[in-house]
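Written below as C-alpha cells is the structure these notes are about.
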Amino acid sequence: MTKKHKSISYAKWGYFFIAPFFIVYIVFQLIPLLSTFYYSFFDYYRSGLKVIGPEFVGFKNYATLFTPDSNGQIGFLTYFGNTMIMWIIGAVPQLVFSLLLSVIYTSYRLKIKGQRFFKTVMYMPNLIMASAYSLLFFTLLSNVGPINQIIMSATGSTFDFLGQVWPARTVIAFINFIMWFGNTTILLMAGIMGIDQSIFEAASIDGASAGQVFFKITLPLLMPILVYVAITSLIGGLQMFDVPQIMTSGNGSPNRSTMTLIMYLNNYFGTSKNYGMAGALSVIIFVITAILSFIVFKTMNSPDKGKKKSKKARG
Amino acid sequence: MATTYVSTGETKGTRAKTNIARVLSYIFLGFVTLLSLFPFYLLIINSTRSHSELQAGFTLIPSTSFFYNLKTAWNDRTMFVFPMALLNSFIIAALASILTSYFSAMTAYGIHVYDFKGKNMLFKFILVIMMIPTQISAAGFLQLVGVFGMRDTYWPLIIPAIAAPSVFFYMKQYIEGSLPMEVIEAARVDGSNEFKTFNIIALPMLRPALSVQLIFAFVASWNNYFTPALVLDSSSKWTLPIALAAVRSRINSEAGNMGEVYMLIFLSIIPVVIVYIFVSKNIVEGVALGAVKG
C-alpha cells in the first residue's frame, strides 16, 4: 500500500526531470522543423529589401527543385549526385581500412603492442575542426603550396588538385576519410570484441587460417554492425558541408562539381532568404534520412536480439 | 581481445606465418599513423616559417619565425580579432557543453528512476529524433531566432544544447549500468529531496560519463560551423570556424601572409589537441561505450 502511494507521489518528479529537455527541444527544434515543413508550401523570400510572401503555392517549390535550370541541369540531382560520389570515394576505403585495423587490433594471434598510441593517433583527426582541416589542405595543396613544391621539383610542373573535378572531389573525400576512419575503427572493434571469443579459439584449435577466420567467422557475425556503421556514415555523408564549403569558399568549384546538398540548402539562407525553397529541400533531405534511419533501426534492433541465437547457426 | 592463448594449435609453420602477419600489421599501422600525423607535421613546420620562406620552397625542417607569425596572427585586425574569436568559441563551447552534459544526465535520470505516464512513449520519441540532422530545421530555426530577437547573439548556440538526444542516450545507457536504485531509495529514507538526491548523490556517481560527454560536447561546439555561420553576423562575435572560413575566402583575392594563415590554423586546433592528449584514454573508451551495441 505505502509503496504504491510512494510511486504515485514520485511520478511528478519524473516530469520535472525531463521537462527542460522537452521544452527546449520543442521550442528550438520541433517548432522550427514543423515551420520549415510548413513554409515549404509557400512563396517566402527576399527580393532586394522587399519580403515576398508568405503566400501559399502548394507544391510549386518542390516542382522548382526538380526543374532543369538554364544549363539543362537539375540542381537537386546534381548536388545529390556530388554528395553521394564524394561520400563513396571516402567511405569505401574508410570501411576497408577500419575493418583491417579493427581485425589487427583485436587479433589474439598478433597481440599488437602500442595499441594505446596507435588508437590515440588515429582517433585524433575526428576531433580537429573540419574548417581547420579544409583550410590546411587548401593551403598544402594549392598551386604554390608545399605538396606542389615537391611535385614541381620532381616533375617540373604542378598538379592542380583543386581546379579539376575528380581531384577536387577526391581531396574532399580524403579529408572525410581521414577524419572518420578512427571512429569507425573503434565502433567495429567494439563489434568484434562483442563476438564470443570461444568461437575464435575453437577455430584456432581446428587449424583455421587467418583468412578463413575473417571470412567465415568475423565478417558474417560483424555484418549487422557493418551495416549500421555504413548507413550512419551515409546519413553523415548526406550532411556533408564544412569541408567542401570552406575548401571552395562556398562555390563548389570547379564548376559546382563539389557542391553538396547542404551547401545548396545553405545558399538559400544567403541574401535571398528563400525559406520556401529551403523548406522544400529540407523536407526531401528529411525523407531520405528517415528512410535510412528506419533501416538502421531495423538492423540495430532485430539482430541484437537474434545475435546470440544466430551465432551458432551461422558460425 | 582473448585472454586465453591456445598454443596447441600452433605449429612451426603457422608461427612463422603469424610473425609475417605481425610485421605486415605494424607496417600498416605505421603507414596509417603517418597518414594521420603528416598534415599536422606540415602545419607545425609551416607555422614556423616566414611568408618568403614558404614561397621559396618545401622543407621538413622548422624555421625561426614562429613567434613572428604568432604575433602577426594575434594582432591582425583586418577581418577579425583572433583572440576575440578564440574567446567567443571558448565561451560558447564551455556553456553549451555544461548544459548538454547536465541536462542530458537529468533527463536520463528522470526516465530511468521514475515511473510516469507516457514515459516509454517519450523515450521512444527521443530515439526517433536522434537521427534528424540539425540542418534540416535550419530554415525554421533562423526564423525563430529572428522572432526572439536572438540574431547575432550567442543564445541560439547555447540554449538548444539543453536538448541533445544522442548524449541523453549515452547517459541512459550509462545510468542503467552504474546507478543502483538502492542508493536513491536510501537517500529518500534519509529524507533527501529528489532534486537534491540527483545533484548531490547521482551526479558524482556519473562523473566518468559526464566528463566524456563534456569533452565531446565541447569539441562539437568548438568545431561547429554551420549554425554559428548562419546566426552570427558581426565579425566581433565570430567563432573560430567562421574566422577560418573568412581566411580561406581571402586567399583567393590576395595572397596574404601564408605564415600567418598556418599559425591561425595551428592556434585554432591546438587547445583541442592538448586536451585530447591528456584525456585520450577516456575518449577512445568513451566512443566504444557509446557505440550502440548491436
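A short reminder: the numbers here are calculations on the coordinates, not readings from a lab. These numbers come from a predicted model, not from an experiment. Cβ coordinates were reconstructed from backbone atoms using ideal geometry, including for glycine residues, and neighbour counts include every protein chain displayed.
Things worth noting here:
- Members of A:60/B:124; B:172/B:237; B:71/B:237 lying beyond 27 Å, as alpha-carbon distances in this model show: A:60/B:124; B:172/B:237
- Part-to-part distance (alpha-carbon centres) for the stretch A:21-100 and the stretch B:135-155, which is given in Å: 17
- Within chain B: Cβ-based charge dipole about Cα centre, in debye rounded to nearest 20 (Lys, Arg +1; Asp, Glu -1): 540
- Highest-MSF residue in chain B out of B:224, B:75, B:19 [GNM, Cα springs under 10 Å]: B:19
- About the Cα centre, charge dipole magnitude for the stretch A:67-314 (Lys/Arg +1, Asp/Glu -1 at Cβ), debye: 980
- For chain A, built as a Gaussian network whose Cα springs stay under 10 Å, the top-fluctuating residue of A:297, A:16, A:80: A:16
- Pairs from the table (B:17/B:281; A:298/B:119; A:119/A:298) lying more than 24 angstrom apart at Cα are B:17/B:281; A:119/A:298.
- The stretch A:130-205 and the stretch B:42-97 have Cα centres separated by 24 Å.
- Size of electric dipole in the protein assembly as shown: Cβ of Lys, Arg +1 and of Asp, Glu -1, about Cα centre, debye, nearest 20: 1600
- Given charges at Cβ of Lys, Arg, Asp, Glu: chain B dipole, positive-most of B:41, B:116, B:270: B:41
- Relative contact order (percent, whole number), chain A, Cα cutoff 8 Å, 6+ residue spacing: 27
- Using a Gaussian network model of chain A in which every pair of alpha carbons under 10 angstrom is joined by a spring, one finds that among A:107, A:35, A:153 the greatest mean-square fluctuation is at A:153.
- Cross-link reach list, aspartates and glutamates versus residue A:12, counting only Cα pairs under 17 Å and skipping chain neighbours closer than eight places: B:115, B:185, B:194
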